[in-house]
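*Asks:* For reference, the structure I am asking about is given below.
The values are calculated or read from the model by the stated rules, or taken from the named source; none is laboratory data. From a predicted model like this one, the values you see are computed outputs, not experimental measurements. Counting neighbours? That spans all protein chains shown, and the Cβs are built from the backbone with ideal geometry, glycine included.
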Amino acid sequence: MSTLTAVIALLFFPSGLVILLAGMAYEWADRKLVARFQNRIGPRWFQPLADNLKLLAKEEVVPEGVQRGLFITLPVIALSGALTSVLYVPVFGLAPAYSFSGDLIVAIYLLSLLTLCTGLAGANTLNRFSLVGATRTLTQMFSYEAPFLLALLGPALAAGSWRISTIADYGAENLLILTQPIGFVVAMIGLMGKLELPPFDAPEAETEIVAGALTEYSGRGLALFHLGKGVELIVGLTLIAAFYLGGVANPLAFFLKTLGLLVVLAGLQSLLARLRIDQTVGLWWRYGAILGLVQFLVLIAWEGLVA
Amino acid sequence: MATEKFVIPIGPQHPALKEPGHFQFDVDGEVVKGASVRLGYVHRGIEKGAETRNYVQAAYLVERICGICSHVHATAFCLGVEKLAGVEAPPRAQAIRQIVAELERIHSHLLWVGVAAHEAGFDTLFMYSWRDRETVMNLLEGITGNRVNYSANVLGGVKVDIGPEQIEAILAGLAFLEERTQHYLEVVSTDAMFLRRTRGIGVMTREDAERLGVVGPTARASGVPRDVRVDSPYLLYREHSVELVVEEAGDLEARFKVRVRELFESYRVIRELLAELPEGELTTRVPRRIKPAETVSRVEAPRGELFYFIKSNGSDTAERVKVRTPTLPNMASVVVTAVGHQLADVPMILTGIDPCFSCNDRMTVIRRDGERQAWTWEQLRQYGIEWYR
């Protein structure tokens, strides 16, 4: 019986099919919002679904000079990493499907898997745009990952637990955006870096390196990467909403809070010009990491003084 | 140790390019160490074509050299032919030519602001400036009936008149655009994130600009006071002159500022002309055949100096039409300024000169034995067919 529930949890709900559809819905909302901010019409509601269905139905062209096995498995690993991370996160305002002490670290690691796979996928091909894109993807990962982690560890420290559900419960009682505002800002911007949204879209800057690391991908592989990104968007928004915005105790709170965050993300995306990769790294290590550390030290000092 | 160069090819087909051209950038990591350019992918043989058509037909043809600054090409050609024929267009026609030319400059500069912002990944500015550009496109359509190849010019004058209703529409459109332009000037000179991508990037010193012979806004952004409208006024630019807009910095920010500030000059000149639109005829008679002579005609296109050399031979067809578009002198500056910059800055540096590839593409045949050769239109056409087979 427990095997059956596990399969259902992984393949249908909360992970699997439902989160894939939700990811596409959020992607649509993001695209539509940015389009409206930019005075465009934007895509129709089923556009991401149509795109992915079309891509999935297409032949996947394996270019010459790549390690064939890697080329095919990397998108699968990326998507399954993102889908697995959903199991430990309170998506849709429900309790996480699985929970153990330390699952926060596992979830964050699983989320990074997507970026890592993108970088490897780019490095695997001979395409020059892909190689530059892969370098940029991995460089960017090394710059935002530490501050982002610090920003999520702040609430963990306050709650005194590494378990996502415990932190979420603590976050539901205390509005952490008020006590840890720096952490919230760093987490939001870290999420933008993770998702390679403008202004952190240097790794896939079309006017320089076409599609970056994924230039050689077409068909199924590309669709899987896209789907993984949609899932990552939801997981990231859920974590931030649950930790900083007073928790996502019920579906209504979940949708209101995550969509509210998405509006902020879309606004930032349309307001800012793309940063160069050296500027991204500089920004993160000069400001992001320092701010995250300051927040962290303040917390530790506070805990030490109060306790 | 691998000593091979890592070359990033941009073009002939690349998302950064709206027209085909081929650039090779040797990069070390993200830093550009060397650059080379190869053009000629969209050579259309228009100069040759103009020599096989009579003057009226050629005016129609040269207007199609550029899709953005079509009016200045026709103006330069008509001015040249009129000079050869010894006639001058009536004042009202000259005023209308100048109004359309300045409206065209507005449309071209707004288009450029959008494209350059897009290259920097600032799509919001791109969308907004192109939305506002629709206003001036509609004005041009209202005057001439066309949005792209306005076809306002005819040898000896213009085809279209500007009536009181159109004057009203133009003034209303200009008022809206002026307000928006003020906003864009603020954005390109104060937006901190955008300035990170433009300030100090692609710097071309005044010495470099003069050595490379760059023209137009690119030169003016490097402090070179060079503008055909001021240096050798044509049409009514003597009576209704524009002020030179010069920036000293020579970087991308200066190029943005020069082009946006020039818009204000255009608005002012158009208003002046509309207020004092001369009365009179729209056209004057131009003889069909023109006695043998040669002339040079220069106008200021939105991108810089546009140069026409026309040689007549007594028939109704030009013996030689030679066009030098502003992109040709400006293109070399890209290769020089890009070196030492980040790869991410290259698309912006390239767009900074506002390149127009098909306008400037030309064909060179090198014969090493020193033999001279003139190709006929038919041979050239056949060569093109063979080449692209």
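*Asks:* Please give the helices (runs of 4 or more DSSP H) falling wholly within the range B:276-389 in which 1 or more residues are touching a Ser or Thr at 6+ places or on another chain (Cβ under 8 Å), under 20 Å from B:Val215 (Cβ atoms) and modelled with pLDDT under 90.
*Replies:* Qualifying helices (runs of 4 or more DSSP H): B:327-338, B:346-352, B:357-360.
*Asks:* Does the range B:15-35 hold any residues that are under 22 Å from the mean Cα position of the chain (by Cα) and either assigned to a loop (DSSP other than H, G, I, E, B) or of a type in the set (Lys, Arg) (or both), and which are they?
*Replies:* Correct list: B:Pro15, B:Ala16, B:Leu17, B:Lys18, B:Glu19, B:Pro20, B:Gly21.
*Asks:* Taking only the range B:98-127 into account, find how many residues are touching a residue at least 12 places away in the same chain (Cβ under 8 Å), of a type in the set (Val, Ile, Thr) and touching a Phe, Trp or Tyr at 6+ places or on another chain (Cβ under 9 Å).
*Replies:* Looking only at that region, the number is 4.
*Asks:* Quick one: which of A:Val235, A:Val248 is under 15 Å from the mean Cα position of the chain (by Cα), more than 14 Å from chain B (Cβ to nearest Cβ) and touching a residue at least 40 places away in the same chain (Cβ under 8 Å)?
*Replies:* A:Val235 is the lone residue from the list that is under 15 Å from the mean Cα position of the chain (by Cα), more than 14 Å from chain B (Cβ to nearest Cβ) and touching a residue at least 40 places away in the same chain (Cβ under 8 Å).
*Asks:* Something else: What helices (runs of 4 or more DSSP H) lie completely within the range A:28-146 and have 3 or more residues being under 24 Å from A:Ile164 (Cβ atoms) and under 18 Å from the mean Cα position of the chain (by Cα)?
*Replies:* Hits in the range A:28-146: A:68-86, A:103-124.
*Asks:* Shifting gears a bit: Which of the residues belonging to the range A:1-19 are part of a helix (DSSP H, G or I) and either modelled with pLDDT of 90 or more or exposed (fewer than 13 other Cβ atoms within 10 Å of the Cβ) (or both)?
*Replies:* A:Ser2, A:Thr3, A:Leu4, A:Thr5, A:Val7, A:Leu11, A:Leu17
*Asks:* Moving on. Scan the range B:107-120 and give yes if some residue there is within 14 Å of chain A (Cβ to nearest Cβ), outside any helix (DSSP H, G or I) and farther than 30 Å from B:Gly314 by Cβ, otherwise no.
*Replies:* Checking the range B:107-120: at least one residue is within 14 Å of chain A (Cβ to nearest Cβ), outside any helix (DSSP H, G or I) and farther than 30 Å from B:Gly314 by Cβ.
*Asks:* Looking at B:Phe307, is it surrounded by 16 or more Cβ atoms within 10 Å (Cβ to Cβ), aromatic (Phe, Trp, Tyr), away from every other protein chain (no Cβ under 14 Å) and in contact (Cβ under 8 Å) with a residue 12 or more places away in the chain?
*Replies:* In short, yes.
*Asks:* I need the full set of residues from the range B:36-59 which are more than 20 Å from B:His73 (Cβ to Cβ) and either in a helix (DSSP H, G or I) or within 14 Å of chain A (Cβ to nearest Cβ) (or both), in order please.
*Replies:* none
*Asks:* Before we move on, is B:Ala95 touching a residue at least 40 places away in the same chain (Cβ under 8 Å) and more than 14 Å from chain A (Cβ to nearest Cβ)?
*Replies:* For B:Ala95, the condition - touching a residue at least 40 places away in the same chain (Cβ under 8 Å) and more than 14 Å from chain A (Cβ to nearest Cβ) - is met.
*Asks:* Let me ask something else. Show the residue pairs that are 6+ apart or on different chains and have beta-carbon atoms under 6 Å apart, the first residue being within the range B:1-12 and away from chain A (no Cβ under 13 Å), the second being at pLDDT 75 or above.
*Replies:* B:Pro12/B:Pro20; B:Pro12/B:His22; B:Pro12/B:Tyr41
*Asks:* If B:Ala254 passes every condition in (1) in contact with a helix residue (DSSP H, G or I) (Cβ under 7 Å, 6 or more places away or on another chain); (2) of a type outside the set (D, E, K, R); (3) under 19 Å from B:Gly200 (Cα atoms); (4) in a helix (DSSP H, G or I) but one, which one does it miss?
*Replies:* With (1) in contact with a helix residue (DSSP H, G or I) (Cβ under 7 Å, 6 or more places away or on another chain); (2) of a type outside the set (D, E, K, R); (3) under 19 Å from B:Gly200 (Cα atoms); (4) in a helix (DSSP H, G or I) applied to B:Ala254, the lone miss is (1).
*Asks:* From the set of residues in the range A:260-307 that are over 18 Å from A:Gly183 (Cα atoms) and of a type in the set (Ser, Thr, Tyr), which is nearest to the other protein chains (Cβ to nearest Cβ)?
*Replies:* Per the criteria, the residue is A:Ser270.
*Asks:* Just to be sure I understand, how many residues within the range A:204-219 are more than 7 Å from every other protein chain (Cβ to nearest Cβ) and under 19 Å from B:Pro9 (Cβ atoms)?
*Replies:* Residues flagged as more than 7 Å from every other protein chain (Cβ to nearest Cβ) and under 19 Å from B:Pro9 (Cβ atoms) within the range A:204-219 amount to 8.
*Asks:* Then there's this: Which count do you get for residues in the range B:128-154 that are more than 14 Å from chain A (Cβ to nearest Cβ), of a type outside the set (S, T, N, Q) and free of Cβ contacts under 8 Å to residues at least 60 places away in the same chain?
*Replies:* The qualifying residues number 9.
*Asks:* Please specify each residue of the range A:176-221 satisfying the condition of being part of a helix (DSSP H, G or I), crowded, with 19+ Cβ neighbours inside 10 Å and among the small types (Gly, Ala, Ser).
*Replies:* Scanning the range A:176-221 gives A:Gly183, A:Ala187, A:Gly190, A:Gly193, A:Ala202, A:Gly212, A:Ala213, A:Gly221.
*Asks:* So, one more: Being surrounded by 15 or more Cβ atoms within 10 Å (Cβ to Cβ), away from every other protein chain (no Cβ under 14 Å) and not hydrophobic (A, V, I, L, M, F, W, C) is true for just one of B:Gly216, B:Gly163. Which residue is that?
*Replies:* B:Gly216
*Asks:* Please give the number of the condition B:Val31 fails out of (1) crowded, with 16+ Cβ neighbours inside 10 Å; (2) within 12 Å of chain A (Cβ to nearest Cβ); (3) in contact (Cβ under 8 Å) with a residue 40 or more places away in the chain; (4) not polar (S, T, N, Q).
*Replies:* Checking B:Val31 against (1) crowded, with 16+ Cβ neighbours inside 10 Å; (2) within 12 Å of chain A (Cβ to nearest Cβ); (3) in contact (Cβ under 8 Å) with a residue 40 or more places away in the chain; (4) not polar (S, T, N, Q), the one that fails is (1).
*Asks:* Looking only at the range B:80-95, which residues are part of a helix (DSSP H, G or I), buried (at least 24 other Cβ atoms within 10 Å of the Cβ) and hydrophobic (A, V, I, L, M, F, W, C)?
*Replies:* Those that are part of a helix (DSSP H, G or I), buried (at least 24 other Cβ atoms within 10 Å of the Cβ) and hydrophobic (A, V, I, L, M, F, W, C): B:Val81, B:Ala93, B:Ala95.
*Asks:* Separate question: If I filter the range B:190-207 for residues that are over 24 Å from the mean Cα position of the chain (by Cα), within 14 Å of another protein chain (Cβ to nearest Cβ) and either hydroxyl-bearing (Ser, Thr, Tyr) or over 26 Å from B:Asp251 (Cα atoms) (or both), do I get at least one hit?
*Replies:* The answer is yes; a qualifying residue exists.
*Asks:* Let me ask something additional. From (1) surrounded by 20 or more Cβ atoms within 10 Å (Cβ to Cβ); (2) among the small types (Gly, Ala, Ser); (3) at pLDDT below 85, pick out the condition that doesn't hold for A:Ala82.
*Replies:* (3)
*Asks:* Is it true that some residue in the range B:166-174 is touching a helix residue (DSSP H, G or I) at 6+ places or on another chain (Cβ under 9 Å), modelled with pLDDT of 85 or more and assigned to a loop (DSSP other than H, G, I, E, B)?
*Replies:* So far as the range B:166-174 goes, no, none of its residues is touching a helix residue (DSSP H, G or I) at 6+ places or on another chain (Cβ under 9 Å), modelled with pLDDT of 85 or more and assigned to a loop (DSSP other than H, G, I, E, B).
*Asks:* How many residues are small (Gly, Ala, Ser), under 20 Å from A:Arg276 (Cβ atoms) and under 14 Å from the mean Cα position of the chain (by Cα) when one looks only at the range A:180-203?
*Replies:* The total comes to 2.
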